[in-house]
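> For reference, the structure I am asking about is given below.
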Amino acid sequence: MPIDAFEKPIYVTRPMLGDLAQYLPHFEDIWASGHLTNNGPKHQALEAKMAEVLEAPNAKLFSNGTLALITALKALELKGEVIVTPFTFPATVHALEWCGLTPVFCDIDKNSMCLDPTKIEALVTPQTSAILAVHVYGIPCDVDGIQAVADKHGLKVIYDAAHAFKSTIHGKGIGTYGDMTMFSFHATKLFHTCEGGALTFNDDALAEKINLLKNFGIYDDDDITIAGGNAKMNELQAAVGLVNLGLIEEEYTKRRALRTLYEQRLASVSGVNVVAIPDNVFNSLQYMVVRVDESCALNRDSMHEALKDYNVVTRRYFHPLCSEFGCYSHLPKRDLSVAQHVAQEVLCLPFYGALSLEDAGRICDMIEAVIASAAKPAIAVAN
Ligand code: T4K
C-alpha cells in the first residue's frame, strides 16, 4: 500500500519547549529587576546548577558553544598546532582558526567515530600544543588512550562535548576528562538555552581567568588584566535553561521510547545499522544515527534524497568532513580514509520528544519503502 507523505516537514530535531506559562515567572523577575545580562541572578542560579548536573568541579556559562570553545583555547594559552578530528561540525575546527592555531586533521576510529588515539602520535611535532577531540553524537572518545598520548608528549586535551550533555563514562561526568570540556546549549540540543554553552574543568585556578576572558577582561573599575571578549550568557537564556533543566527527564523518557522503536523496526532492514550506545556510558540521546552500508539497496545520499519526497528531512551530520571545506584546502592532505568512509554512511533521523511513536513508525515504513523501490529490478519496456 502506498505511504502518504507527511503534510508538513518532519525535521531532524525540534527544540524542547515547555508551556510558555512555565517561563513567564522568570521573565517577569527579569523585567522587574531590569537585570538583563552580566552575571545576573538567573545566570548565577543556572551556573551553580550546571556544575551539579554535569558532575564537574567547575562549570561556566557562555552565550554559545563556539565562544565557549574559543575561550577554552585562549585560557589554556595554546600555540602552534592542534590535532583535531575532521568528523565534526565546522565550529570545532573554526575555533582553532579564530585563535590563530593550525588544525592538524587526524583519522577517527571506525566504531566510535571519534579521534583514533593510535593515529595521533604520528602527527605530533615540536609545534603541537594540544589535542581537540569530539564526543561525536555523545559517544565518548577513548579518553584513556587520548590522555596517554597527551601525557607522553606534554599536550593539553580539550573535549568538544557539544552533543554529550549529562553523558557519563563509567559513571563519571564526561566534562571531568581532559583539561577542559565544552558543551553546547543550542536550540537543536536536548538541553538548550536557545543559544548557549558551557565549559567544565577540574583546575579551580582557571575559574577566574575564564570569567575574565568572557567579560572583556574587566578585573575591576580600574584595570583590565587580560584582553577578553564578550561571551556571556544573558538572563533570558539562563531563564530558559532553568525551566528546561526541569523538562529533560521527560524528554529522555520520550527519546528512549523512540530509540527503542527505531532499533526494533530497523533491526530487520538490511544495510541500515543503528549506531549502538557503548556499555558503561550514559548517553545524551542527542541524535538517532544510522549507518547505511554497502549492503543496502540504496546509498546514504539516495536515501536522504528519497525521504525528502515523504517530507522527512534527515541530516548527513557530518558530511563533508571539515578537511574537505574550501577554507581548509591549504592544509596538508592526510590519510583520513576511515573518516571519509564513515562520512559517506551516516544519517541522522528525526529524533525529538515531540515526535510521536506513530510518526517514527511511519518514518521506518518510508525507509523500507524507499529501499524496496530501489531494489526493484528495472522493468523492460517493450517497443
Ligand atoms: N561542536 C559541535 C560538535 C557541534 O555540533 C556544534 C554545534 C558546535 C561545536 C557549536 O556549538 P554552538 O556554537 O552552536 O552552541 C545545528 C546547530 O546550529 C549547531 O548548534 C549544531 N552543532 C549542529 C550540529 O546543528 P544546523 O545548521 O544543522 O542547524 P539548522 O538550523 O539546520 O537546524 C536543524 C533543524 O533543527 C532544522 O531543520 C529545524 C530544527 N530547528 C532548528 C532551530 C535552530 C528548529 O526546529 N528550531 C530552531 O530554532 O546546525
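> Just order 214-226, 182-194, 312-324 by mean Cβ neighbour count inside 10 Å, highest at the front, would you?
In descending order of packing, they fall as 182-194, 312-324, 214-226.
> With Cβ to Cβ distances under 13 Å as the rule, what net charge do the other residues near Phe185 carry (K, R +1; D, E -1)?
Combined, the nearby Lys, Arg, Asp and Glu give +2.
> Additional query: Most exposed first by the Cβ proxy, i.e. fewest other Cβ within 10 Å, how do Trp98, Trp31 rank?
In order of increasing Cβ crowding within 10 Å: Trp31, Trp98.
> Now, a different point. Dimensions of the stretch 1-73 along principal axes (Cα, Å, largest first)?
57, 37, 22 Å, listed from the longest principal axis down.
> Beyond 14 Å, what share of the Cα-Cα pairs of the stretch 245-315 is found? Please give it as a whole percent.
Percent of Cα pairs beyond 14 Å in the stretch 245-315: 68.
> Something else: How high is the relative contact order of the stretch 121-174, in percent, with contacts defined as C-alpha pairs under 8 Å that are six or more residues apart?
Normalised by residue count, the contact order of the stretch 121-174 is 41 percent.
> Show me the three semi-axes of the equivalent ellipsoid for the stretch 254-383, from the C-alpha gyration tensor (sqrt of 5 times each eigenvalue), largest first, rounded to whole Å.
26, 24, 13
> Return, in residue-number order, each cysteine of the chain whose C-beta is not under 4.7 Å from any other cysteine's C-beta.
Cys with no partner Cβ under 4.7 Å: Cys99, Cys106, Cys194, Cys296, Cys322, Cys327, Cys348, Cys364.
> For the stretch 113-241, take the alpha-carbon Rg, divide it by the Kirkwood Rh, and send me Rg/Rh.
For the stretch 113-241, the value is 1.02.
> Pairs of Cα atoms under 8 Å, at least six residues apart: use those to get the relative contact order of the chain, whole percent.
23
> While we're on this one: What do you get when you divide the Cα radius of gyration of the stretch 163-226 by 2.2 N^0.38 Å, with N the number of residues?
1.36
> Under Stokes-Einstein, with the Kirkwood radius over Cα pairs standing in for Rh, what whole-number D in µm²/s applies to the stretch 49-162 at 4 °C and 1.567 mPa s?
After rounding, the answer is 90 µm²/s.
> Something else about it: Just to be sure I understand: if I project the alpha-carbon convex hull of the chain onto a plane and average over all orientations, what area do I get in nm²?
22.6
Values quoted throughout were computed directly from the atomic coordinates according to the rules given, and no laboratory measurement underlies them. None of these values were measured; they are calculated from a predicted model. All Cβ positions, glycine included, derive from the backbone under ideal geometry; neighbour counts span all protein chains shown.
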